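Here, each number is a calculation from the coordinates, and none is a lab measurement. Computed from a prediction, not measured in an experiment: that's the story for all the values here. Please note: Cβ atoms are built from the backbone with ideal geometry, for glycine as well, and neighbour counts cover all protein chains shown.
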Amino acid sequence: MMNLQTLSPMATAVVEALRARGETVALAESCTGGLAAKTLTDVAGASNVFACGVVAYSEAVKQELLGVKAETLAKHSVISKEVALEMAEGVRALSGADYGIGITGVAGPGPNGPHPEGEIYIAVCGEDFAKVIRLEDRRENERMNHRAAAAKTAFFLLHEHLTTK
């Protein structure tokens with residue numbers, strides 16, 4: 001079972017890796033509702049590596065602030081790898097950060113149209129790097145666990161890139 005306590009060590013590792021490299025990150029979150037940004041800023045020294053966080057629940061904000069294309073939303077839906085990547089790219093451009101993270105999906109309870117609870121897409125991008133993954137957790141009524149798993153996975157993906165590059 002995922003909980004908030006398991007997020008902290010991964011967030012700390014990301015802050016330390018970014019600080020060691022002199023780089024920054026920005027977050028664009030939907031279904032996590034700012035949980036990733038909150039967890040990251042709980043780490044001492046995060047102000048040196050965290051550019052900004054945007055909680056973009058509505059499609060209009062995703063489009064107007066983050067630059068997600070209407071065509072992408074129409075073709076792939078708001079819950080898709082394509083939208084997650086455009087969110088990550090958009091927040092990176094908006095903030096000037098070295099890396100952007102985009103998270104979109106269904107935290108639950110219940111499905112969102114054809115998308116079941118626990119279907120979440122996470123994108124991490126940089127100047128010469130982009131990776132998008134799909135999480136799928138079919139447990140019902142696990143809203144907080146879905147959100148925590150998405151945030152932790154986002155941190156893991158960025159940390160993996162930072163430490164293997």
Fill in the blank from the handout: Residues whose built amide H sits under 5 Å from the amide H of Y99, excluding neighbours closer than 5 in sequence, are T24, V25, A26
Exercise for the section: For L135, enumerate residues with amide H under 5 Å from its amide H, sequence gap 5+ or separate chain, H modeled in the peptide plane. Expected result: I120, Y121, I122
Handout entry: Computed over the chain: relative contact order in percent, which uses C-alpha pairs under 8 Å that are six or more apart
Key = 25 percent
Problem - MRE, 222 nm, helices only [DSSP H, n ≥ 4, -39500 (n - 2.57), over the chain, to nearest 500] - result: -13500 deg cm²/dmol
Handout entry: Counting DSSP beta bridges with both ends in region 24-164, the antiparallel % (nearest 5)
Key = 60 percent
Practice task
Would you work out which of G108, A28, L65 lies farthest towards the positive end of the dipole of region 24-164, given +1 charges on the beta-carbon of Lys and Arg and -1 on that of Asp and Glu, about the Cα centre?
Solution key: G108
Fill in the blank from the handout: At the level of C-alpha centres, the distance separating region 102-137 and region 19-82, in angstrom, is 12 Å
Practice task
Quick one: what are the phi-derived ³J(HN,Hα) couplings along region 20-25, Karplus 6.51/-1.76/1.60 with θ = phi - 60°, whole Hz, x for glycine and proline?
Solution key: 5, 9, x, 10, 10, 9
Fill in the blank from the handout: Under a Gaussian network model of the chain whose springs join Cα atoms within less than 10 Å, the largest fluctuation of L18, L73, L40 belongs to L73
Practice task
Just grab the label-to-label distance for F156 and I133, each label 7 Å out from Cα along the Cβ direction, in nm (one decimal).
Solution key: 0.5 nm
Problem - Whichever lysines have a C-alpha closer than 28 Å to that of K62, once near sequence neighbours (fewer than 8 apart) are set aside - result: K38, K75, K81, K131, K152
Exercise for the section: Only loop residues by DSSP count here, and only those with at most 15 other Cβ atoms within 10 Å; note down the trypsin sites (Lys or Arg not before Pro) in region 29-126 that meet that. Expected result: K69
Problem - Gained length - T164 relative to E59, 0.36 nm times residue gap less alpha-carbon distance - result: 34.4 nm
Exercise for the section: Give a residue-ordered list of calculated ³J(HN,Hα) values for region 37-49 (Karplus: 6.51 cos²θ - 1.76 cosθ + 1.60, θ = phi - 60°; whole Hz; x for Gly, Pro). Expected result: 4, 4, 5, 5, 6, 6, 7, 4, x, 4, 4, 7, 10
